[in-house]
Amino acid sequence: MSNNHQRLKVVDAFDLDDELRALLRPGDMVRDEQGRRHRLPRYFYEIASHEEALNVRLTPHFGINEFLLVDLKEAQPLQGFPRYLPCAVRVLAFYLEHFRAAAGASVHIAVNGGYRSPSHKMSEHATAHMWGTAADVYRIGTNILKTKELIERYNDLAEELSDDVTVLPYGHITGKNADDHVHVDLGYITVIPREISEDRMEMPQENRPRFAFEERRRRERRAVISAGSTGQE
Amino acid sequence: MTVAEKVPIAAPSDSVATSEVSLYRNVLQLKKEHDLEELGIAFYDSETTIQWSYSGDHYFHAASTMKLAVLLGVMREVARGDLTLDAPVHIRNRFTSIVNREPFMLDLARDADPDVYGHLGKTLSVRELAYWMITKSSNLATNLLVDVVGIANVQQALDELDIDGVRILRGVEDQAAFNAGLNNEVTANGLLKLLRTIADRKAPCSEEMLNIMLKQQYRSGIPAGLPKAARVAHKTGNISTVNHDAGIILLDGREPYVLVVLTQFPAETGRGTAVADVSRDIFNTLSQLTYEQ
């Protein structure tokens, strides 16, 4: 796999075609269950193919594909490729990696449990899923999470990671509780990758496409910077 | 008992009448032998154009024969372009009761379909779910498909084909609904009509439905009363006190016939072989009439 292959393309969703823009609703305000308003994300990773989704890893144990799993409840044009994922998903992957380490076992995100667009049938109110910053974990190691005991045990573990993490208590009321998964929620985080230039214009820019390729993170990125440094700055 | 709708021209009328009387006697005998509380039978033979029923309009608990209606509802959505057979469906064991909107889960230990619940948290396509719902009577696949198309659309599919005698209120294992007496119900004549629309290719995606039904894995009902060469596109249904089978019987050298056998028995009796015995009797009767023609 070439280095180039893992560079994620970041797009301004205002530049996407009309149909996609209408489904992703960049910058729109949506209300949560309490009536509070939140602005939907505008910058997305564009995943060109299923192969790319499988190959690109956000952390050592979480690939892009794990956050893209949806079923027919997602709007049909958003089920195929290219797919769009809010850039804040990288932050979620970071926390899930720590959650995995704390659990000592693999962490499996359910279908419809990663990113859900505002057009997804489960997106009645604003939820962090629409920001790519919540995950519904249905299995940890070989444990399918369907008992109060298991869900509460892993809820505690997730909350102990950081004050940034909230979970849904065990119970049966959809949206308020969870009885067949652990809901790991970071809230409404918006990420704007440093490689893209922000533009206040919220109209498609035909002659000035607003996209960028995110540089590789971690060791590989540092290696590239180091090799390219002239020491003249 | 309904008198034959149409008597075949070539067959002597006394033969048909004799066969009917003989069949009626046999049915009464079988009902007694198997200690059945209720027995409903309906068949239509495309070869002789004979239609016959016994307690054909008596309502039974549908058990898993209701899955034929769900299949019809799914295929209606597919034919309308509102759904594709390749669409992925999240496999999740969480459903909502029609009575109190409370969530409930299926007892997966009772469901004979690791093929479906082995995918918990992942997806299967609508086509795969339809396949497991019919061929292994998967309750999980059924409830997932009911969630996908909605009960209202299942009933709409039945109404559009003027199928009465099939009342679908809910998915399966909704205990609160069961306790409230809200059950899916079928009559032999209702299921006969449903199957005839498939056999006559009048239902949406009939060919697809037939192909799935031909792969039925439970064969102790109608097929057990037939020669091994017979191919049967069918759906069984049984709970503690009912045992049903409804199918389209395809035999070489003759037109198909459609048969529905519904039985209800005391809980202590067990289901026995009544359905297979009725199937054998009907086959023998029709063979005789066909031969005489």
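Report for chain A the percent antiparallel among DSSP-assigned beta bridges with both residues inside it, nearest 5. Let's see the in-between values first.
Values: 26 of 28 bridges.
Counting only bridges with both partners in chain A, antiparallel ones make up about 95 percent.
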Chain B - Rg (one decimal) and Dmax (whole number), Cα, Å: 18.9, 62
Taking the dipole about the Cα centre of chain B, with the C-beta of Lys and Arg at +1 and of Asp and Glu at -1, give me whichever of B:H244, B:G56, B:L120 is farthest to the positive side. B:L120
Which residue, B:A63, B:A17, B:A233, tops the fluctuation ranking in a GNM of chain B built on C-alpha contacts under 10 Å? B:A17
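How many percent of all Cα-Cα pairs in the stretch A:54-136 sit more than 14 Å apart?
On the way: 2045 of 3403 pairs.
Summing the P(r) of the stretch A:54-136 above 14 Å gives 60 percent of all pairs.
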Dipole magnitude (debye, nearest 20) for the stretch A:63-211, charges at Cβ of Lys, Arg, Asp, Glu: 380
Largest first and to the nearest Å, give the Cα extent of the stretch B:62-186 along each principal axis. 38, 36, 24
Sorted largest first, the Cα spans of the stretch B:207-275 on the principal axes come out in Å as 41, 23, 17
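Quick check on the protein assembly as shown: helices-only [θ] at 222 nm, where DSSP H runs of length 4 and up contribute -39,500 (n - 2.57) each and the sum goes over total residues. Nearest 500, please. Write down the numbers at each step before the final one.
On the way: 15 runs with 167 residues, N = 526.
One gets -9500 deg cm²/dmol as the mean residue ellipticity at 222 nm.
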Whole-number D in µm² s⁻¹ for the stretch B:15-91, Kirkwood Cα-pair radius fed into Stokes-Einstein, 10 °C, 1.306 mPa s: 99
Mean-square fluctuation check for chain B, GNM, Cα pairs under 10 Å: which of B:R94, B:R127, B:R196 is largest? B:R94
In a Gaussian network model of chain A with springs linking alpha carbons closer than 10 Å, the residue among A:R42, A:R57, A:R116 that fluctuates most is A:R57
Based solely on C-alpha atoms, express the radius of gyration and the Dmax of the protein assembly as shown in angstrom. 29.0, 110
Would you mind checking the radius of gyration and Dmax of chain A based on alpha-carbon positions, in Å? 18.2, 62
Contour minus Cα-Cα distance for A:L150 and A:N55 (0.36 nm per residue): 31.1 nm
Quotient of C-alpha Rg and 2.2 N^0.38 Å, computed over the stretch B:128-199: 1.13
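Quick note: the coordinates plus some simple rules give every number you see, no bench work behind them. This is a predicted model, so every value here is computed, not measured. Note: ideal-geometry Cβ built from the backbone for every residue, glycine included; neighbour counts use all protein chains shown.
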